[in-house]
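Note sheet for the following structure.
The values are calculated or read from the model by the stated rules, or taken from the named source; none is laboratory data. None of the values given here were measured: they were computed from a predicted structure. Neighbour counts are summed over all protein chains in view; Cβ atoms, including those assigned to glycine, are modelled from backbone coordinates with ideal geometry. Quick note on the areas: whole protein, heavy atoms, side chains included, nothing else; ligands and nucleic acids left out. Shrake-Rupley method; radii C 1.70, N 1.55, O 1.52, S 1.80 Å.
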Amino acid sequence: MPENKDIQSLRRDYRLRSLSEKDVDSNPMLQFESWWNEAIQNNIVEPNAMTLATCDSSGKPSARIVL
């Protein structure tokens, strides 16, 4: 069994970056390409694993994990 660690020591700080409309490409395919290249350059494990979220015509959201 793995050594017991306190939760705080496992936590990552995600405040280093933010997501704002003014900082992203208006073309979603170009923005995805930018994020994809960044993930590859940073050796992200399984960069092709992601959450895909969409909304239907009434605005109801739906999200799924894709690989």
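Numbers for the structure displayed
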quantity	calculated
Given charges at Cβ of Lys, Arg, Asp, Glu: the chain dipole, positive-most of 34, 24, 10	10
Dipole magnitude of the chain about its Cα centre (Cβ charges: Lys, Arg +1; Asp, Glu -1), debye to nearest 20	220
Degrees, to the nearest 10: 28-41 long Cα axis against longest axis of the chain	20
Residues of the chain: accessible area per residue with a 1.4 Å probe, Å²	102
The chain: proportion of alpha-carbon pairs further apart than 17 angstrom, %	67
